[in-house]
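Notes follow once the structure below has been shown.
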Amino acid sequence: MKRLIAGALFVIVVIAVFDGQAQRKAARKPSRRTIASKPKEKTEAVIQAHSLVDQFLTKCGDSYLGYINGIPSEWRGLHIDLRPETITQADTLNGTSYKATVIVSFDAEFQNGRWHEATNERAFCLTVKKENGVWQPSACAAFEVDAYGGVPPARKPNCAELPR
């Protein structure tokens, strides 16, 4: 009889403990998501990234034309990789709600009269940032601003300038 009572008490205690844990878990506040992870911000960032890349490149048939150090370059197989960055407390206090790196790369590049596998990890490295509700483009590094002809560039490439 004592075993039966002890067993029943054990079951009651176990149920009470697990039920209490379940209620505490349900009462927890949902985890804070960084603004950078919100779908709306990411969708806007993708649109901004593609719009920014479009200012650097002109589609000419199957190729893309752009300038590096003022020299027209021709590429094929465009890839745009948006890499969101973590928003810090300081970013938030400064009004930044989203920031990302935009890596532009290609499969092939036309050089010296022939197509070559694009060996560069990236052709362009850009950033997009939403600060105080306004999207701002930039280059990943200061020297790239000059190499790209500004961000956005001072002029858009023209297909008549294809290096052939």
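A few notes on this one:
- Built amide H within the under 5 Å cut-off of Ala123, gap 5+: Val104, Ser105, Phe106
- Column: log10 I(q)/I(0), Debye, Cα scatterers of the stretch 32-161, q = 0.13, 0.16, 0.17, 0.21 Å⁻¹: -0.56, -0.80, -0.87, -1.19
- Spherically averaged projected area in nm², based on the convex hull that wraps the Cα atoms of the stretch 42-105: 5.4
- Each residue of the stretch 91-108 is assigned a 3J(HN,Hα), and the resulting list reads 4, 4, 5, 8, x, 7, 10, 7, 8, 7, 9, 10, 9, 10, 9, 9, 7, 9 Hz, derived from the Karplus form 6.51 cos²θ - 1.76 cosθ + 1.60 (θ = phi - 60°), x at Gly and Pro.
- Taking a point 7 Å out from the Cα of Phe143 in the direction of its Cβ, the residues of the stretch 120-134 whose backbone N falls within less than 18 Å of it are 120-127.
- Qualifying aspartates and glutamates (Cα of each under 14 Å from Cα of Lys129; at least 8 residues distant if same chain): Glu41, Glu44, Glu85, Asp91
- Taking amide H as placed 1.01 Å from N in the peptide plane, Ile68 has its amide H under 5 Å from the amide H of Ser73, each at least 5 places away in sequence or on another chain.
- Couplings 3J(HN,Hα) for the stretch 131-148, derived from phi with the Karplus relation 6.51 cos²θ - 1.76 cosθ + 1.60 (θ = phi - 60°), are 10, 6, x, 10, 7, 10, x, 7, 9, 5, 9, 4, 5, 6, 4, 5, 4, 8 Hz, where x marks Gly and Pro.
Values quoted throughout were computed directly from the atomic coordinates according to the rules given, and no laboratory measurement underlies them. Note that the structure is a prediction, hence the values are computed from the model and not measured. Positions of Cβ are generated from backbone atoms using ideal geometry, with glycine treated the same way; all protein chains shown enter the neighbour counts.
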